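What follows draws every value from the coordinates through simple rules; no lab data is involved. Small disclaimer: the values here were computed from a predicted structure and weren't measured. With ideal geometry, Cβ positions are generated from the backbone for all residues, glycine too; neighbour counts draw on all protein chains shown.
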Amino acid sequence: MTGDERGASGAVAFTDIVGFTEFTAARGDAEAVALLDRQEQLVRAALPPGARIVKELGDGLLLWLPEATPALRACLDLLDRFAGDTEASALWVRIGMHWGCPTRRGDDLVGHDVNLAARIVDVAGPGELLLSASVRAFLDESTCGLHLDELGPVVMRGIPDPVRLYRAARVREPAG
Amino acid sequence: METMARHTSVAVEASTPIRVTSRSGSVEITGEPRDDVLVESGGEVERGADGIDITGKSGKVVARCPVGTDVLVGCRSGPVKLHGSLGDSRVTTQSGSITVEQAESVDARTASGTIAVEDCAGECRGQTKSGSIRVGRAGSADLAAASGSVEVGAVGAVRVRAGSGSVTVGVTEPAPVDIEAHSGSVTVTVPAGLRPELDLHTMSGAVRCDCESGTDGSIRVTARSGKISVLER
């Protein structure tokens, strides 16, 4: 944990490997462990300054990213790296992100904001990055080069109120 | 004792989106020629900063809106049915099926229901963990089903991620086709004479391909088990 992180707000993101259980059953533990190692390598390479892997949770990772726009760019880069990586080509990764002020517990992050980010990744599809409206509020959309497609109010298990979610993608340059 | 139906009508400008939230119970929205949003049952209506918000507490939410209205629905359970002609349609439900008759674009997500989209002019995205997905026609599609089948009648560019169900896709034009399936067969039909770039891999099934390789778009299929068929119509 960095000194700047203590008590600060920031982006909490979860990564999740879709179909990891089936992959492990089909290919065995050794290949599954190799994929998890590759996932961690790709994530570390994509993280912007000040961001960190908080912890590993099964086949997913909890990430802390202190700034919204770099966080989004990094997570989209990450999805591109997974899609283009030959070693990780069996991975269908998805990411859910929420902006909040989670409670620090040692190096760990806990609390409602972390739980919400975990629920958001459950809604995401393979290769997708979904984020809550609270992340969007901290984005500079005029310069971030990202397109946000609203999914509307989403009811999530254990979360008292519906949360407006967005699907993030890069703005595509017109062909030609 | 007869209960009087309470209808709420809100005049709207064109392109005003409606957002519907329902804790439980079904949701039915119909896009039809009219210039107001009419809530026929089940919801409290509020004009929000960027659209009309309809909040259902329990029971069925039924509403009618102008043709081409963008509709965003989030609910916990119960089927969601979008009738008539709508704009960009977004539906997320934890359980329950999703049906869309006609929309400009679709994003449909359910944890444990089926998804059926009849006609989507633009991009059709859909994902379900335990149900099947059926799309009649779409401009393009991006679909994921963990354990059910995926069937697309007519589409341009398409990406499908399937777990254990079969995949059937009808391609209408030269475009990228990208299908990954863990188990279950994959069938792609293409117009006669189309010569796409072909990349077909299966670990334990047979591969049948009726068309020659060329530069008319691309077809990439990866199946861990199950046969792959690329057939001319």
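Before moving on, here are some points about what is shown:
- Separation of alpha-carbon centers, the stretch B:137-158 and the stretch A:1-78, rounded to whole Å: 29
- Working note: 222 nm ellipticity from helices only, DSSP H runs with n ≥ 4, each -39,500 (n - 2.57), summed and divided by the residues of chain A, gives -10500 deg cm²/dmol to the nearest 500.
- Loop GluC sites (Glu not before Pro), the stretch B:1-100 (other Cβ atoms within 10 Å of the site Cβ: 11 or fewer; DSSP): B:Glu2, B:Glu13
- Of the GluC sites (Glu not before Pro) found in the stretch B:150-214, those in coil by DSSP whose Cβ has at most 14 other Cβ atoms within 10 Å are B:Glu212.
- Taking every DSSP beta bridge that has both ends in the protein assembly as shown, the antiparallel portion is near 30%.
- Among A:Asp59, B:Asp178, a tally of other beta-carbon atoms within 10 Å of each Cβ gives an order, fewest to most, of B:Asp178, A:Asp59.
- The DSSP beta bridges internal to chain B are antiparallel in roughly 10% of cases.
- Exposure proxy ranking, count of Cβ atoms within 10 Å, fewest first, for B:Ser204, B:Ser164: B:Ser204, B:Ser164
- Overall, chain A carries a charge dipole of about 320 debye about its Cα centre when +1 sits on the Cβ of Lys and Arg and -1 on the Cβ of Asp and Glu, all other atoms neutral.
- When B:Asp50, B:Asp119, B:Asp88 are sorted by how many other C-beta atoms sit within 10 angstrom of their C-beta, beginning with the fewest, the order is B:Asp50, B:Asp119, B:Asp88.
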